[in-house]
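Reading through the structure tokens given below for one structure.
The values are calculated or read from the model by the stated rules, or taken from the named source; none is laboratory data. Source: prediction; values computed, not measured. Ideal geometry is used to build each Cβ from the backbone, glycine not excepted, and the neighbour counts take in all protein chains shown. What goes into the accessible areas is simple: the full protein's heavy atoms, side chains included, and nothing from ligands, DNA or RNA. Shrake-Rupley method; radii C 1.70, N 1.55, O 1.52, S 1.80 Å.
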Amino acid sequence: QQQVKQSPQSLIVQKGGISIINCAYENTAFDYFPWYQQFPGKGPALLIAIRPDVSEKKEGRFTISFNKSAKQFSLHIMDSQPGDSATYFCAAKAAGNKLTFGGGTRVLVKP
Amino acid sequence: ETGVTQSPTHLIKTRGQQVTLRCSSQSGHNTVSWYQQALGQGPQFIFQYYREEENGRGNFPPRFSGLQFPNYSSELNVNALELDDSALYLCASRHPGQGDTGELFFGEGSRLTVL
């Protein structure tokens with residue numbers, strides 16, 4: 001059972017453009033929603049995270065938008081750079097710090 | 001660098017064999033969890049250890065087992081390997097002072113191939 005659905009599976013964006021990744025969840029018991037970035041050959045690393053009582057959080061070029069009623073959240077990467085080319089995973093945290101990950105989005109930023 | 005070290009980085013086994021993967025986390029990180037990441041998919045939670053006891057388990061059969069040692073290093077053991085066990089196995093640690101943010105520090109993983 002896939003409790004966190006992520007889309008698209010991949011996207012290509014020009015340098016300077018905006019990358020948008022969407023996630024939807026089902027379990028209302030999730031209490032924190034982190035995004036992880038993974039480069040080839042590396043483990044995932046925390047990028048940004050949001051609590052469900054906050055509608056938006058911005059850190060540098062990365063913004064999370066959260067819609068609790070729709071059970072959806074998204075990551076926006078502004079002014080995308082070639083160094084942002086990676087796989088991005090949304091996740092949802094349940095009690096006990098167990099993370100449920102989405103399927104991932106492979107982002108390619110073209111120079 | 002996350003300070004989480006995993007070994008071996010790559011290994012090849014055959015069906016039916018047993019494997020042990022190892023993880024060393026940062027000092028003071030008393031919670032360690034293991035995730036399985038199949039090719040092209042997101043990581044899936046296997047189990048978590050806190051102070052040497054399992055305190056959470058995902059939808060994995062009992063042939064997946066683990067240990068956490070007093071120095072908070074950890075092992076993942078998989079018995080009776082199946083072809084579908086081929087994946088990247090990720091170890092992640094967490095410091096008690098991090099709060100309830102969902103932030104985990106992942107190692108680079110052990111790539112297991114089962115033939």
Checklist entry - Only one of B:Leu115, B:Leu81 is more than 14 Å from every other protein chain (Cβ to nearest Cβ), over 25 Å from A:Gln3 (Cβ atoms) and open to solvent by less than 10 Å² (accessible area, probe 1.4 Å); which? => result B:Leu81
Checklist entry - Is there a residue being farther than 29 Å from A:Ser10 by Cα and within 11 Å of the chain's Cα centre (by Cα) anywhere in segment B:78-86? => result yes
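Here's the yes/no breakdown for (1) out of contact with any strand residue (DSSP E or B) (no Cβ under 8 Å at 6 or more places or on another chain); (2) more than 10 Å from chain A (Cβ to nearest Cβ); (3) not acidic (Asp, Glu):
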{"position": "B:Gly66", "(1), (2), (3)": "no, yes, yes"}
{"position": "B:Asn77", "(1), (2), (3)": "no, yes, yes"}
{"position": "B:Gly97", "(1), (2), (3)": "yes, yes, yes"}
{"position": "B:Leu104", "(1), (2), (3)": "no, no, yes"}
Next on the checklist: Conditions first: (1) within 13 Å of chain B (Cβ to nearest Cβ); (2) open to solvent by 60 Å² or more (accessible area, probe 1.4 Å). A:Ile50 passes all but one, so which condition is the exception?
Outcome noted: (2)
Next on the checklist: Given the criterion loosely packed, with under 15 Cβ neighbours inside 10 Å, more than 10 Å from chain B (Cβ to nearest Cβ), modelled with pLDDT of 95 or more and not in a loop (DSSP other than H, G, I, E, B), identify the matching residue among A:Leu11, A:Leu108.
Outcome noted: A:Leu108
Checklist outcome for this item: Within segment A:1-44, the residues that are under 16 Å from B:Phe45 (Cα atoms) and in contact with an Asp or Glu (Cβ under 6 Å, 6 or more places away or on another chain) are A:Gln3, A:Gly43
Checklist outcome for this item: Checked A:Ser74, A:Ser69, A:Ser80 against criteria (touching a residue at least 12 places away in the same chain (Cβ under 8 Å) and outside any strand (DSSP E or B)); the one match is A:Ser80
Checklist entry - Could you say whether any residue in segment A:2-25 is under 19 Å from B:Gly99 (Cβ atoms) and not hydroxyl-bearing (Ser, Thr, Tyr)? => result no
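Just to be sure before I move on: is B:Leu76 out of contact with any His (no Cβ under 9 Å at 6 or more places or on another chain), touching a residue at least 24 places away in the same chain (Cβ under 8 Å), of a type outside the set (Ser, Thr, Tyr) and not in a strand (DSSP E or B) in the structure I sent?
Working: out of contact with any His (no Cβ under 9 Å at 6 or more places or on another chain): yes; touching a residue at least 24 places away in the same chain (Cβ under 8 Å): yes; of a type outside the set (Ser, Thr, Tyr): yes; not in a strand (DSSP E or B): no.
Criteria not met by B:Leu76.
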Checklist entry - If you scan segment B:39-57, which residues turn out to be assigned to a loop (DSSP other than H, G, I, E, B) and facing another protein chain (nearest Cβ under 7 Å)? => result B:Gln41, B:Gly42, B:Pro43
Checklist entry - Quick one: in segment B:44-78, which of the residues that are among the basic types (Lys, Arg) and surrounded by 12 or more Cβ atoms within 10 Å (Cβ to Cβ) is nearest to B:His29 (Cα to Cα)? => result B:Arg57
Checklist outcome for this item: Sole miss for A:Gly96 among (1) in a strand (DSSP E or B); (2) without any contact (Cβ under 8 Å) to a residue 40 or more places away in the chain; (3) closer than 22 Å to B:Val4 by Cβ is condition (1)
Checklist entry - Looking at A:Gln81, is it under 10 Å from the mean Cα position of the chain (by Cα) and within 28 Å of B:Leu88 (Cα to Cα)? => result no
Next on the checklist: Give all pairs with beta carbons closer than 9 Å in which a residue from segment A:29-53 that is free of Cβ contacts under 8 Å to residues at least 12 places away in the same chain meets a residue that is of a type in the set (D, E, K, R) and surrounded by fewer than 21 Cβ atoms within 10 Å (Cβ to Cβ); count only pairs at least 6 apart in sequence or on separate chains.
Outcome noted: A:Gly41/B:Glu108; A:Lys42/B:Glu108; A:Gly43/B:Glu108
